[in-house]
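Data block below; observations after.
No value in this document is a laboratory result; all are computed from the given coordinates. Source: prediction; values computed, not measured. Cβ: placed from backbone, ideal geometry, glycine included. Neighbour counts: every protein chain shown.
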Amino acid sequence: MDRAKLSFFRISRSKLSGDFIFEAVIGFFALGIIILAFLLFRELFIGSALSRDIFGVGFLTSSTWDPVAEVFGALPFIFGTLVSSFLALIIAVPFSLGIAIFLSELAPEKLRTPLSFIIELLAAIPSVIIGLWGIFILAPFIRDYLAPPLSTYLGFLPLFQGPMYGLSMLTGGVILAIMIIPITSSVSREVIMTVPTHQREAALALGATGWETTRIAVLPYARSGIFGAVILGFGRAIGETMAVTMVIGNSPRISESFFSPSYTMASVIANEFVEATSKIYISSLIEIGFLLLVISFIINIAARILVWKLLKVEGGGAT
Amino acid sequence: MQNKITVENLNAWFGAKHVLHNIDIGIQKNGITAIIGPSGCGKSTFIRCINRMHEVVPKAKASGKVMVDGTDIYDSDIDPVDIRRRIGMVFQKPNPFPTMSIHDNVVAGLKLSGVKDKKKLDHIAEESLKKAALWDEVKNDLNKSGASLSGGQQQRLCIARALAVEPDVILFDEPCSALDPISTSKIEDLMMELKEKYTLVIVTHNMQQAARVSDYTAFFLYGKLVEFGETNQIFKKPKEKSTEDYIIGRFG
Ligand SMILES: Nc1ncnc2c1ncn2[C@@H]1O[C@H](COP(=O)(O)OP(=O)(O)OP(=O)(O)O)[C@@H](O)[C@H]1O
Ligand SMILES: [Mg+2]
C-alpha cells in the first residue's frame with residue numbers, strides 16, 4: 001500500500017517536471033514571438049511619429065507623393081495595394097475553388113496527394129523568380145494577347161481604357177493571383193475535406209448527382225471556411241512585395257484603368273527606403289509600413305477566426 | 001404476399017473485406033421489415049445496397065440482384081441517381097443541411113428534380129412536414145435553419161425531406177438511436193402510418209421496437225441472413241438457436 005503510493009508519487013512528480021520544462025520552453029518561444037511582434041509594432045509606431053505629426057490624417061487621403069518638396073500622401077499606395085489584391089482575388093478565387101473541388105471530390109484517389117503536393121510546391125517558388133517570369137513572359141503576353149481583346153470588348157468600361165505597356169495594375173493583379181492560388185486552393189481543399197460524410201450522403205440519398213452534392217451539401221457547409229481561405233489569400237496578396245514590384249510599374253498615380261501602372265505599399269517601401277534621405281521621407285515610408293502591418297493583421301485575424309469557426313462547428317458535430 | 005423488393009444472391013465488400021454473403025430475401029410491399037443483428041453484422045451495408053448507397057464508399061462494391069418492381073437496380077443501364085430518388089433513406093444520425101432553412105431542407109430533393117413552382121414547393125413542404133408529424137412544431141419557423149431544431153425534430157425533418165420526393169420505399173438506418181422515448185414513439189407512430197403507402201425497411205438494435213412496428217423481421221449474423229419470417233414467429237418461435245440467443249440478449 002505504501003509502496004504503491006510512493007511509486008505513484010514518483011511517477012506523477014517526474015511527469016510534472018517534464019511537463020514543466022516542456023511548458024516553460026514552449027511558453028518562452030510563444031511569448032518571444034508575441035513580444036517580437038509587439039516590438040515591431042512599437043518601432044513602426046515610433047518611427048512614423050514625425051510623419052503623423054506633420055501630415056496627420058491627411059496622410060491617408062492625400063495622393064501627392066513628392067520627395068523633392070517633401071510632401072507625402074499614402075493614398076496611391078493604399079489604392080494600388082487594395083485594388084491589385086482585389087483583382088488578384090477575383091482572378092484567383094474561381095481557379096482556387098475549381099482546384100479545391102477537383103482535388104477533394106473529383107480527382108482519382110491516386111492523383112490527389114501528388115497533385116496537391118505540386119500545387120503547394122508552387123508556393124515555394126521564390127517571388128523574385130515569379131517576378132522575372134512576370135517581366136519577361138507574362139507582361140508581354142498580357143500586353144499582346146489579353147489587353148487588346150479586353151479593350152475591344154470591354155473598352156466601354158473605364159477599367160479597360162488607355163494604352164497598355166505591359167507593366168500595369170492588371171499584370172500586378174495576375175501575378176498576385178498566381179501567387180495566392182496555392183494557399184487559397186489548399187486551405188479550401190482542407191476545409192472541403194472536413195465536410196462530414198453524412199452531409200454528402202444526405203444529398204446523394206436524395207438523388208443528387210456528384211456535382212449537385214457538391215453544390216447543395218459540400219460548398220454551403222464549407223462556405224465560411226472557404227471565405228476564410230480567400231481572405232487568407234487576400235492577406236498574402238497585400239503583403240507580397242517582390243514580384244508585384246517588378247511588374248506593376250511603380251507609378252504613384254491613381255488611375256481608373258487596369259492598364260495603367262500603379263504602385264503598392266509594399267513596393268514603395270522596398271523601392272524607396274534606400275534612397276530616402278530626409279527624416280520626413282523615412283518617417284512617411286515607415287508610416288506606410290505601419291498601415292500595411294495593421295491592414296494585414298486585421299485581415300489575417302479575420303481569416304483565422306472564420307476558419308477556426310468552421311473547424312469548431314465540425315469538431316462539435318463529431319462528438 | 002407481394003414482394004416489392006427481391007434480393008438474390010447479394011454479396012458486398014469493403015475493399016477486400018467481404019461483409020455480406022449470398023443474401024436472398026423478399027421485402028413485402030406496404031409493410032415494415034425490420035433488420036436486426038449484432039453490431040457489425042452488415043445491417044447498414046445491406047440496406048445501403050438496396051438504394052445503391054453502398055457504392056459511394058470508396059472501394060466498396062456489391063454483386064448480385066436487387067429487383068425492385070421486377071427490375072434489377074444493378075443492371076448496367078440503370079442510373080443509381082434515379083434509384084436513390086425512388087428509394088429514400090433516413091440515416092442513424094439526423095443530417096439536415098445546416099445552411100438551409102427548414103423549408104428548403106424539405107424541398108431540397110424536389111428542387112434537384114427541377115420543380116421550381118413556388119406554390120407547389122410550399123404545398124409539398126407542408127404536406128411532407130405534416131406526414132412527418134413536424135408541421136405543428138415548425139409551421140411558424142419555416143425560415144429558420146434546419147440545424148436549429150432538436151435531435152428528434154431534425155430526424156423528423158429528415159423523414160419529411162425523404163417523403164417530399166415521393167419515393168416508393170424508405171430505408172431507415174437506426175432512425176431512433178439518438179432520440180428520447182417521446183421522439184422515438186412519434187417516429188414509430190409515423191412509420192405505422194407511412195406503411196399504408198410506402199414500403200419500409202428499418203434497421204434497429206431495439207428488440208421492442210422491432211417487435212412493435214414490424215411485420216417481418218430478418219436476423220443477420222456475421223454478414224449472413226440467418227432467419228427471416230413474420231415478426232411474430234421470429235420473436236415467439238425462432239427456428240434458429242442463434243436468433244433466439246440474440247433476441248433474449250445472450251449475445252450482441
Ligand atoms: N466504410 C467502411 N470501410 C470498411 N469497412 C466497413 C465500412 N463500413 C462498415 N465496414 C465493415 O463492414 C461490416 C458491416 O458493417 P455495417 O455497418 O453494415 O454493420 P451494422 O450491422 O450496420 O453495424 P451497426 O449495428 O454497428 O451499425 C463491419 O465489419 C464493418 O467493420
Ligand atoms: Mg449500422
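Data table
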item: Scan of region B:37-71 for residues that are farther than 22 Å from B:Asp82 by Cβ and more than 12 Å from ligand 2 (Cβ to nearest atom), ordered by number; result: B:Pro58, B:Lys59
item: Residue count, region B:30-40 (criterion: surrounded by fewer than 23 Cβ atoms within 10 Å (Cβ to Cβ) and either within 13 Å of chain A (Cβ to nearest Cβ) or in contact with a strand residue (DSSP E or B) (Cβ under 9 Å, 6 or more places away or on another chain) (or both)); result: 4
item: Filtered residue count, region A:204-229, keeping only those that are aromatic (Phe, Trp, Tyr) and more than 9 Å from chain B (Cβ to nearest Cβ); result: 2
item: Some residue of region B:183-193 being more than 28 Å from B:Asn232 (Cβ to Cβ) and of a type in the set (Val, Ile, Thr); result: no
item: Some residue of region B:167-183 being surrounded by 23 or more Cβ atoms within 10 Å (Cβ to Cβ), over 18 Å from the mean Cα position of the chain (by Cα) and within 16 Å of ligand 2 (Cβ to nearest atom); result: no
item: Boolean, A:Ile192 is touching a helix residue (DSSP H, G or I) at 6+ places or on another chain (Cβ under 8 Å) and buried (at least 22 other Cβ atoms within 10 Å of the Cβ); result: yes
item: All positions within region A:219-270 that are among the polar types (S, T, N, Q) and under 13 Å from the mean Cα position of the chain (by Cα); result: A:Thr241
item: Positions within region B:64-90 being of a type in the set (A, V, I, L, M) and either touching a Lys or Arg at 6+ places or on another chain (Cβ under 6 Å) or away from ligand 1 (no atom under 16 Å from the Cβ) (or both), in sequence order; result: B:Met67, B:Val68, B:Ile73, B:Ile78, B:Val81, B:Ile83, B:Ile87
item: Subset of region B:26-50 [in contact with a Leu (Cβ under 6 Å, 6 or more places away or on another chain) and away from ligand 1 (no atom under 13 Å from the Cβ)]; result: B:Ile32
item: Residue identified as within 16 Å of ligand 1 (Cβ to nearest atom) and either touching a Pro at 6+ places or on another chain (Cβ under 8 Å) or over 11 Å from B:Val165 (Cα atoms) (or both) among B:Lys130, B:Lys93, B:Lys116; result: B:Lys93
item: Helices (runs of 4 or more DSSP H) wholly inside region A:56-134 that include at least 2 residues being surrounded by 20 or more Cβ atoms within 10 Å (Cβ to Cβ) and in contact with a helix residue (DSSP H, G or I) (Cβ under 9 Å, 6 or more places away or on another chain); result: A:75-101, A:127-133
item: Selection count, region B:88-112, where residues are of a type in the set (Ser, Thr, Tyr) and within 7 Å of another protein chain (Cβ to nearest Cβ); result: 1
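Residue-by-condition table, conditions (1) away from ligand 1 (no atom under 16 Å from the Cβ); (2) free of Cβ contacts under 8 Å to residues at least 12 places away in the same chain:
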{"residue": "B:Ile170", "(1), (2)": "yes, no"}
{"residue": "B:Glu174", "(1), (2)": "no, no"}
{"residue": "B:Val203", "(1), (2)": "no, no"}
{"residue": "B:Gln208", "(1), (2)": "yes, yes"}
{"residue": "B:Lys224", "(1), (2)": "no, no"}
{"residue": "B:Gly229", "(1), (2)": "yes, no"}
